[in-house]
Amino acid sequence: MSTQKHLSQRAWAELMLLAVIWGASFVAIRIALDTIPVMTSVLHRTFWAMLALWLVAWSMGLSLPRSPRIWGAFLIMGLLNNVIPFSLMAWGQLYIDTGLTAILNAATAIFGVLVAALFFRDERLTKPRLLGVFLGFLGVSITIGLQNFTSFSLQSTAQLAVLAGTISYAFAAAWARISLSDLHPIVAAAGMLTGSTLLMLPLSLAADGVPTLALPAITWVAIGYYAIVATAGAYLLYYRVLAMAGSGNLMLVTLVIPPVAIVLGAILRNEALPPNAYFGFAILALGLLVLNWSGRRD
C-alpha cells in the first residue's frame, strides 16, 4: 500500500508557484502566436528550453548519455511530450480562448490514469478512480458543449486538438516510466527537449520557412517566458515539488492552472468564457479531486 506525502507549507507554496507559472504560459504562448506561426513558436519553446537545461546539467556535472537506445527514447519522448501536444495546443489556441485551453489541458490527468492502467499492473482502475475518470469526461464534455460533438466547427475542432494533445501527454508519461526512469530528471528533460528540437526543426522549416529573429519585444518576452521560465524552469521546479509532495499531491496543480489562465486571459486578452466552461471545469475539478483522494487510499 502506498501513501501520499504530507504537504508542508513550503511544498504548498512551490506547488502554487508551479501552477501560476504554467497557467501564465498559456497567455504567453497566445501572445507569441500574434506574431509567429505555430510550428515556429514550438521550435522556440523546445530550442531555448533545451539550451537552458543542458546548461544546468553541465553546471551540476551531469554526464551526457551515450547509449543510442536512450537517445532513441528521447526522440519518442520528445514527440509524445512536446512535439505533438505543443503543436496541437498552440494551433488550438488560435481559435479558442486561453482559459478554455487550460481547462481542457487539465484532462491530462484523466487520460493519464487510463493510459497508466493500460500499461502498468500497479495502476489498476479501482471504483473511486473510475468515478473520477467519469466525472472528468463529463466535465470535459460540458466544457466543450455537447452540441459541438455533432457539428464540427473550427472552434470545436480546436478543442478536440487540445484534447488530443492531452492524450499524447498521457502516453508520454507512460513512456517516461518505461524508458527514462533510470536517468537523472534534468538529463531526461534536457534529452527530451533535444529530441523535440531535432524533430521540430524540419517541421518548422517545412511549414513556416526559416525563422526570423526580427521580432517585436513583446514577442521575445513571451517566448522567453514560455521557453525559459515555463518550460526549462518549470521542469526544475516540478521535480522539486514532486520530491516534496509526491505524485498524487502534484495532481492538485491541474486545479489551479485554469483559474490562473482564465484571469490572465481576461486581463491581457479581454477573453470571456461561456457559463458552460466554468460549470464543466467544476465537474472536471471534482473528478480530479476524486482521483487524488483515491490515490491516498491505494
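Readers should treat all values here as calculations from the given coordinates under stated rules, not as data from a laboratory. All of these numbers come straight from a predicted model, not from anything done at the bench. Note that each Cβ is placed from the backbone with ideal geometry, even for glycine, and that neighbours are counted across all protein chains shown.
Before anything else, pin down the relative contact order of the chain: Cα pairs under 8 Å, at least 6 apart, normalised by residue count, whole percent. All intermediate terms of the calculation are to be shown ahead of the outcome.
Values: 418 pairs, mean separation 130.5, N = 298.
About 44 percent, as a whole number.
Quick one: Tyr238, Tyr169, Tyr226, Tyr278, fewest Cβ neighbours within 10 Å first, how do they rank? Before the final figure, lay out the partial values.
Numbers: Tyr238 19, Tyr169 22, Tyr226 29, Tyr278 16.
Fewest-to-most ranking of Tyr238, Tyr169, Tyr226, Tyr278: Tyr278, Tyr238, Tyr169, Tyr226.
Between Leu201 and Thr126, what FRET efficiency comes out of the Förster formula 1/(1 + (r/R0)^6) with R0 = 51 Å and r the beta carbon distance, rounded to 0.05? The partial results should precede the final answer.
Numbers: r = 43 Å, r/R0 = 0.85.
Computed FRET efficiency for Thr126 and Leu201: 0.75.
Per the Cauchy relation, a quarter of the hull surface: what is the mean projected area of the convex hull of the alpha carbons in the stretch 58-159, in nm²? Display every interim value, and only then the final one.
Working: hull surface 39.8 nm².
Here the figure is 9.9 nm², rounded to one decimal.
Would you work out the relative contact order for the stretch 74-199, in percent, from Cα pairs under 8 angstrom that are 6 or more residues apart?
Rounded, it is 54 percent for the stretch 74-199.
Using only Cα atoms, what Kirkwood radius does the stretch 9-297 have, in angstroms?
On the way: mean 1/r = 0.0519 Å⁻¹.
After inverting the pairwise mean of 1/r, the radius is 19.3 Å.
Could you list Val229, Val260, Val83 in order of exposure, starting from the residue whose Cβ has the fewest other Cβ atoms within 10 Å?
On the way: Val229 18, Val260 21, Val83 24.
Least to most surrounded, the residues fall as Val229, Val260, Val83.
Sort Arg66, Arg129 so that the residue with the fewest other Cβ atoms within 10 Å of its own Cβ comes first and the one with the most comes last.
Details: Arg66 7, Arg129 24.
Lowest count first: Arg66, Arg129.
Using the Kyte-Doolittle scale, which helices in the chain average at least 1.0 and also have C-alpha atoms spread 30 Å or more along the helix axis, with helices defined as whole DSSP H runs? Each step should come with its number before you reach the end.
Working: long enough: 9-32 (34 Å, 1.24); 38-59 (32 Å, 1.20); 154-179 (37 Å, 0.92); 185-208 (32 Å, 1.41); 275-297 (34 Å, 0.73).
Sorted by number, the helices that extend far enough and score high enough are 9-32, 38-59, 185-208.
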